[in-house]
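Everything below concerns the one structure shown next.
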Amino acid sequence: MATRVDLDGTYKLEFASNLNFRGSGLVTLSNGKFKGNDQSFEWRGTYEVKHEELHAEMHVKQFSGGISIFGVVSEFDLIVNGPVELPRMTLKGYRKEEPDDKFVVLMTRFQDSNELV
């Protein structure tokens, strides 16, 4: 049974892969779905919370020039997991097509919409 935790909102992301690439972006969570982007990639997916753990799957696609945290890969799927700890969560994940490609993401929740301006 899924635990009801209100994760809806906008988060700042900071991520790094085991291939020594880093990035940052924004993501908005709403009712079990999310979408976000950085300067070169868009990601969309679904999430759920079970036993105070966030589990998410997403599709990532390049929309402009740049390099992903996994090098020269323009489209891929990610699996992400980690404990729900608001306002900041540290999650770990991997690239579904290549499970040895791992990453860590720090999600920081914006307190209100004024922080986006």
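The values are calculated or read from the model by the stated rules, or taken from the named source; none is laboratory data. From a predicted model like this one, the values you see are computed outputs, not experimental measurements. All Cβ positions, glycine included, derive from the backbone under ideal geometry; neighbour counts span all protein chains shown.
For GLU75, indicate whether it is of a type outside the set (Gly, Ala, Ser), modelled with pLDDT under 95 and loosely packed, with under 13 Cβ neighbours inside 10 Å. Against the criterion (of a type outside the set (Gly, Ala, Ser), modelled with pLDDT under 95 and loosely packed, with under 13 Cβ neighbours inside 10 Å), GLU75 does not qualify.
Among all positions in region 98-105, there is no residue which is outside any strand (DSSP E or B) and exposed (fewer than 13 other Cβ atoms within 10 Å of the Cβ).
Condition check ((1) polar (S, T, N, Q); (2) at positive phi; (3) exposed (fewer than 13 other Cβ atoms within 10 Å of the Cβ)) across all residues:
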residue	(1), (2), (3)
LYS12	no, no, no
SER17	yes, no, no
PHE21	no, no, no
GLY32	no, yes, no
TRP43	no, no, no
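Out of LYS12, LYS61, one residue alone is under 26 Å from PRO87 (Cβ atoms), basic (Lys, Arg) and modelled with pLDDT of 95 or more. It is LYS12. Scanning region 45-56 for residues that are of a type outside the set (D, E, K, R) and either surrounded by fewer than 19 Cβ atoms within 10 Å (Cβ to Cβ) or out of contact with any Pro (no Cβ under 8 Å at 6 or more places or on another chain) (or both) turns up GLY45, THR46, TYR47, VAL49, HIS51, HIS55, ALA56.
Taking region 1-62 and the strands (runs of 3 or more DSSP E) fully enclosed by it, the elements with 1 or more residues that are among the acidic types (Asp, Glu) and either closer than 13 Å to PHE103 by Cβ or touching a residue at least 24 places away in the same chain (Cβ under 8 Å) (or both) are at 9-17, 41-50, 53-62.
Return yes or no: is LEU78 among the aliphatic types (A, V, I, L, M), in contact (Cβ under 8 Å) with a residue 12 or more places away in the chain and over 20 Å from LYS96 (Cβ atoms)? Spelling it out, it is not the case that LEU78 is among the aliphatic types (A, V, I, L, M), in contact (Cβ under 8 Å) with a residue 12 or more places away in the chain and over 20 Å from LYS96 (Cβ atoms). Can you find even one residue in region 65-83 that is under 12 Å from VAL105 (Cα atoms), polar (S, T, N, Q) and assigned to a strand (DSSP E or B)? Taking every residue of region 65-83 in turn, at least one turns out to be under 12 Å from VAL105 (Cα atoms), polar (S, T, N, Q) and assigned to a strand (DSSP E or B).
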